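Trainee: Would you mind keeping the following structure in view while I ask a few things?
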Amino acid sequence: SPGGAYPQTSSFPIDPHTGPAQRIHQTLRGGSGTGAVGRPAEVALENRGLGSMGWSRAHRMNLWARVKNGEKAHDLFASLIKERTGYNLWNVGPPFQIDGSFGATAGVAEMLLQSHEGYIAPLAAIPAAWQSGSYKGLVARGNFTVSAAWENGIATTFNITSQKGGAATVYYPS
């Protein structure tokens with residue numbers, strides 16, 4: 001298959017057209033998006049390419065963000081907006097594809113915040129195009145509300161609030 005050889009990691013059937021991307025998602029679901037796990041996922045994603053319909057473009061955007069490659073995730077996001085988004089910001093297929101719209105939103109959130117590896121990683125996959133910005137109110141695993149701001153590609157502020165009274169572990173590379 002074009003996505004490479006990934007073992008089936010669940011008892012659910014794998015669709016032959018989206019199977020490689022499903023296997024990448026299963027592989028990255030709870031583990032690291034880098035190193036020994038992330039590199040094979042990146043190779044499979046490279047083999048899948050960037051062009052596609054809206055929903056699968058959004059899916060790949062999320063996967064690139066998960067392996068912490070903000071540049072590829074941003075490329076997919078930009079092409080999704082430019083080529084597959086209508087004047088009303090709905091993803092067009094044909095026909096209208098709500099999963100492309102929701103998937104792109106999830107992809108942006110995945111670029112801004114990750115917490116699937118046992119720690120909170122604000123700005124996990126920020127692309128160079130987003131030199132400055134901020135967000136408020138994203139929720140990390142463990143019910144932590146996270147806000148962040150950055151200038152010139154470097155974090156200036158993190159605000160992390162536990163909604164249930166727990167300690168947070170935060171990772172931000174210096």
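Trainee: Would you call ASN88 open to solvent by 40 Å² or more (accessible area, probe 1.4 Å), out of contact with any helix residue (DSSP H, G or I) (no Cβ under 6 Å at 6 or more places or on another chain) and either at pLDDT below 95 or β-branched (Val, Ile, Thr) (or both)?
Mentor: So ASN88 fits the description; yes.
Trainee: In segment 123-165, what residues are out of contact with any Gly (no Cβ under 6 Å at 6 or more places or on another chain), surrounded by 12 or more Cβ atoms within 10 Å (Cβ to Cβ), in a loop (DSSP other than H, G, I, E, B) and among the polar types (S, T, N, Q)?
Mentor: Residue satisfying the conditions is ASN143 alone.
Trainee: Scan segment 73-84 residue by residue and report those that are out of contact with any Pro (no Cβ under 9 Å at 6 or more places or on another chain) and buried (at least 18 other Cβ atoms within 10 Å of the Cβ).
Mentor: Answer for segment 73-84, where residues must be out of contact with any Pro (no Cβ under 9 Å at 6 or more places or on another chain) and buried (at least 18 other Cβ atoms within 10 Å of the Cβ): LEU76, LEU80, ARG84.
Trainee: Looking for whichever is open to solvent by 50 Å² or more (accessible area, probe 1.4 Å), over 21 Å from HIS116 (Cβ atoms), modelled with pLDDT under 60 and part of a loop (DSSP other than H, G, I, E, B) here; the options are PRO2, PRO7. Which one fits?
Mentor: Unique residue meeting the criteria: PRO2.
The values are calculated or read from the model by the stated rules, or taken from the named source; none is laboratory data. None of the values given here were measured: they were computed from a predicted structure. Every residue, glycine among them, receives a Cβ derived from its backbone with ideal geometry; neighbour counts consider all protein chains shown. For the accessible areas, the whole protein counts, side chains as well, though only heavy atoms, and no ligand, DNA or RNA atoms are used. Shrake-Rupley method; radii C 1.70, N 1.55, O 1.52, S 1.80 Å.
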